[in-house]
Structure formats: structure tokens, C-alpha cells
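The values are calculated or read from the model by the stated rules, or taken from the named source; none is laboratory data. Because the structure is predicted, anything quoted here is derived from the model rather than measured. Every residue, glycine as well, gets a Cβ built from its backbone with ideal geometry; the counts of neighbours run over all protein chains shown.
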Amino acid sequence: MEKKTRRLNKEGSIFKMPNRNLLRGKIWIKYPNGIRKREIVYGKTRTEVKDKMKRLRELSEKGIVNTKETMSEYLNRWFPDDSKSPNTITNRLANIKRIIPVIGGVEVQEITAHHVQLVLDTLREKGKGEHTVRQCRDVLRKALNDAVKSGMLETNPTPNLIKPPEPPSPNKNTLSEYETTLLLSLEDKYTIFWETILYAGLRPGELTGLRWSNVDFESEFIHVVEQAYRHNGEYVTSAPKWGSVRAVPMQRELKVALKNHYDNQDPRLRINDLVFPNELGGYVNYSRIRIGLRTSLKKLSISHRTPDNLRETFATTMQEKGLPNTAVSQMMGHTTTETTEKNYIKHRDEWLREQVSNLN
């Protein structure tokens with residue numbers, strides 16, 4: 001039996017609940033708005049109840065408002081966000097549906113690294129891959145960061161995981177200089193796509209949503225301000241991924257290619273001002289571009305690549321030409337150089353050979 005100690009001033013009161021193996025603690029808390037409110041907590045031991053009351057006092061002293069909101073209630077309130085793209089909202093909801101069955105009943109202010117780790121371990125036990133595990137971790141990290149900003153939570157526990165997500169490193173497959181030259185020599189209707197990716201590093205959605213009004217031939221910049229993608233069978237537009245609105249300098253080859261593309265484009269297709277419209281002037285289906293790349297590479301007997309591999313080629317080429325990684329990252333619209341270095345840059349054999357030769 002726990003020893004009953006003398007209660008200090010403002011420590012609160014603890015009572016045994018009738019006919020139940022449970023203790024109830026009552027404590028007056030003064031909140032940031034000046035209002036005093038009596039809060040009630042429960043526990044099986046005096047120590048547990050006292051710890052909970054102490055926690056309430058500490059939170060109120062730091063200006064954090066007490067709430068009984070559960071993770072399920074909070075996440076379902078949090079995920080809709082008008083500033084996010086429909087795809088982002090859809091992905092958030094899909095991951096929240098994986099999180100709630102595990103920790104949905106836990107109160108937000110009680111969340112710990114243990115709870116976050118439990119979500120990740122449960123997903124692994126269900127056979128989910130590390131990419132899915134990382135997505136859930138990222139959604140939780142963002143949601144809990146916002147809880148800290150709003151005063152619901154003192155700190156975000158997600159950085160303190162014992163076993164964080166470890167997705168496999170991406171299989172980078174850049175084009176060699178010879179393969180790049182060969183691909184651009186085809187001069188078919190898709191070549192302008194490859195030139196834009198290889199010389200400017202645009203993402204698929206940014207390529208699809210690019211408008212002539214954002215191609216400045218005079219200043220020689222492409223202004224990346226939006227992306228277009230399919231959502232529920234229809235095309236929608238939004239700000240670029242991670243909000244990466246940016247200006248990408250046009251290399252001489254790309255400026256010439258885009259100017260020729262503009263001069264040869266049927267003016268009737270410019271009803272939406274798109275640089276790469278379909279036959280009706282609307283958004284081009286990006287799957288057709290992927291198929292076009294596959295067809296072009298097959299003609300040239302070059303091994304299979306994806307448009308993302310062309311972005312990797314852009315990043316690698318810029319870095320090998322001497323641009324600092326910060327500049328390459330900025331041009332690609334990445335928030336950190338780590339993303340660029342880890343996921344996109346892979347030095348090519350011919351460049352490595354040249355660098356080693358220069359050591360002699």
C-alpha cells in the first residue's frame with residue numbers, strides 16, 4: 001500500500017472512488033486566458049494521479065491549453081487543408097486510416113515516441129513496406145508539429161524513435177553523355193519534353209502545367225509556379241510540390257528548342273497557354289509521355305529509363321559541370337540538398353574516369 005503524504009498547497013486533492021479500484025485527482029488550473037478551471041484525472045495509484053496533476057500544472061505554466069482531444073479526433077480535424085493539393089489531402093487521409101486503429105484513442109497530450117513507434121512496428125507486422133511506414137511517420141510528424149505550434153503539445157516525439165523508417169535507397173539510373181546525345185538526336189514530337197527535363201529538371205506535373213506566360217525568353221528563365229495532375233479523373237492545378245515556386249535559368253540549347261517549339265506550334269492549341277498541350281489544347285496525359293520515352297529508348301537500343309531518371313541526369317550533369325549542390329537543389333525545387341544528393345545525383349563512369357585522370 002502506498003504511503004499517504006501530506007498534500008502541498010495547489011497540489012490538488014486525491015480521493016478513492018467508491019466501489020472502484022481507482023483514484024480520482026482534482027486540481028485547479030489557471031489557463032493562459034486567465035480562467036481558472038478544475039480538472040479531474042484518474043489513476044490506479046496515488047503516484048500515477050499525482051504525476052498527471054503535475055503534468056497539467058507544467059503545461060498550464062507553459063501556456064499549453066489542456067484538451068482531452070484524442071489522436072483520432074485531432075487527425076480527422078487536422079488533415080483537411082485548403083492550402084494543400086487534393087492529392088496531398090488524399091494521401092494524408094490514407095495514412096491517417098492506417099494510424100488511427102493503433103493510437104486513435106490516445107489523447108494528443110499523452111502522445112509519446114512509444115506510440116509513434118508502435119504505429120510503425122504495427123505497419124511492419126502487417127507487411128507494409130518502408131515507404132508506407134515513412135509516409136505514416138511523416139504525416140504524424142507534420143500533424144504533431146502543428147499541435148506544438150497551436151499550443152496543444154509541448155514537444156514533438158517523432159524524432160526520438162528507436163527504429164525509424166528505412167526505405168531502400170532509390171535505384172538511380174542516369175543517362176550517360178552518349179545516351180543523352182543520342183536521345184536528343186531523334187527530333188520526334190517528344191524530343192522537346194526530354195530537352196526540357198534534361199536542361200531544366202522539371203517535375204512531371206510542372207512539365208504538364210507549364211504555360212508560355214511563364215517562359216521568359218528575354219530574361220532566359222522558366223518560372224515554375226504551378227503543377228497539373230489528374231485527380232479523380234480530372235486535371236487540377238496547384239502550387240509545385242513542397243511549394244517550390246522558383247525560376248530556372250534556361251540553358252542555351254533549351255532556349256533555342258523552346259523558341260522553335262513555339263514558332264512551330266499551332267496557335268489554335270494555345271487556348272490554355274500550355275507549352276505542351278494535347279491535340280485539343282488541354283493538359284497532356286503524362287502516361288503518353290512515359291510511353292513516348294519508352295518507345296524512343298527502344299528505337300535507340302538504350303536500356304529502360306523513366307522521366308524521373310532524366311531528372312536524375314539533369315541533377316548529375318549540373319553537379320558535374322561545377323554547380324554547387326545548393327544551386328542544383330534550388331533549380332530542382334528541393335527543400336534540402338540532402339534530397340538532391342541522396343536521391344538524384346549519381347556520378348557517371350566517364351566523369352569519374354576524367355576526374356581520376358586529372359589527379360595524375
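Each residue in the range 142-158 was checked for being aliphatic (A, V, I, L, M) and farther than 19 Å from residue 93 by Cα, and 3 of them qualify. Evaluating residue 257 against the criteria (1) aliphatic (A, V, I, L, M); (2) surrounded by fewer than 18 Cβ atoms within 10 Å (Cβ to Cβ); (3) under 27 Å from residue 220 (Cβ atoms) leaves one unmet condition, (2). When 118, 123, 153 are checked against the criterion of being buried (at least 20 other Cβ atoms within 10 Å of the Cβ), hydrophobic (A, V, I, L, M, F, W, C) and more than 20 Å from residue 77 (Cα to Cα), 123 stands alone in meeting it.
When every residue of the range 214-230 is checked against the conditions, at least one turns out to be assigned by TED's automatic domain parsing to the domain that holds residue 185 and part of a helix (DSSP H, G or I). For the range 256-275, the set of residues classified as charged (D, E, K, R) and either more than 21 Å from residue 289 (Cα to Cα) or in contact with a Leu (Cβ under 7 Å, 6 or more places away or on another chain) (or both) consists of 263, 268, listed by residue number. So, in the range 297-331, of the ones that are under 21 Å from residue 187 (Cα atoms) and of a type in the set (Gly, Ala, Ser), which residue ends up farthest from the chain's Cα centre (by Cα)? Filtering first and then ranking leaves 301. The number of residues in the range 78-115 that are surrounded by 18 or more Cβ atoms within 10 Å (Cβ to Cβ) and modelled with pLDDT under 95 comes to 7.
Condition (residue is more than 18 Å from residue 200 (Cβ to Cβ), among the hydroxyl-bearing types (Ser, Thr, Tyr) and either touching a Gly at 6+ places or on another chain (Cβ under 8 Å) or not assigned by TED's automatic domain parsing to the domain that holds residue 251 (or both)) applied to the range 273-287: is it met by at least one residue? Within the range 273-287 (the criterion being more than 18 Å from residue 200 (Cβ to Cβ), among the hydroxyl-bearing types (Ser, Thr, Tyr) and either touching a Gly at 6+ places or on another chain (Cβ under 8 Å) or not assigned by TED's automatic domain parsing to the domain that holds residue 251 (or both)), the answer is yes, since at least one residue qualifies. Confirm whether residue 257 is touching an Asp or Glu at 6+ places or on another chain (Cβ under 7 Å) and under 21 Å from residue 198 (Cα atoms). The answer is yes for residue 257. Restricting the range 197-229 to residues that are surrounded by fewer than 16 Cβ atoms within 10 Å (Cβ to Cβ) and free of Cβ contacts under 8 Å to residues at least 24 places away in the same chain leaves a set whose member that is nearest to residue 283 (Cα to Cα) is 216. Being part of a helix (DSSP H, G or I), acidic (Asp, Glu) and farther than 30 Å from residue 112 by Cβ, is that true of even one residue in the range 192-200? Looking for residues that are part of a helix (DSSP H, G or I), acidic (Asp, Glu) and farther than 30 Å from residue 112 by Cβ, one finds at least one in the range 192-200, hence yes. Considering the range 166-187, the residues that are over 26 Å from the mean Cα position of the chain (by Cα), surrounded by fewer than 17 Cβ atoms within 10 Å (Cβ to Cβ) and of a type in the set (Asp, Glu) include one that is farthest from residue 344 (Cα to Cα), namely 187. Candidates in the range 14-53 are the residues that are at pLDDT below 85 and touching a Phe, Trp or Tyr at 6+ places or on another chain (Cβ under 7 Å); of these, the one that is farthest from residue 68 (Cα to Cα) is 36.
Among the residues of the range 312-360, just one is assigned to a loop (DSSP other than H, G, I, E, B), within 19 Å of residue 169 (Cβ to Cβ) and aliphatic (A, V, I, L, M), namely 345. Kindly indicate which of 56, 140, 120 is out of contact with any Cys (no Cβ under 6 Å at 6 or more places or on another chain), modelled with pLDDT under 90, farther than 25 Å from residue 236 by Cα and not acidic (Asp, Glu). Answer to the selection: 56.
Of 233, 243, 281, all but one fail to be in contact with a Leu (Cβ under 6 Å, 6 or more places away or on another chain), surrounded by fewer than 20 Cβ atoms within 10 Å (Cβ to Cβ) and within 28 Å of residue 84 (Cα to Cα); the exception is 281. The single condition among (1) out of contact with any Pro (no Cβ under 9 Å at 6 or more places or on another chain); (2) among the aliphatic types (A, V, I, L, M); (3) in a helix (DSSP H, G or I) that residue 144 does not meet is (1). All told, residue 346 meets the bar of being closer than 24 Å to residue 166 by Cα and among the charged types (D, E, K, R).
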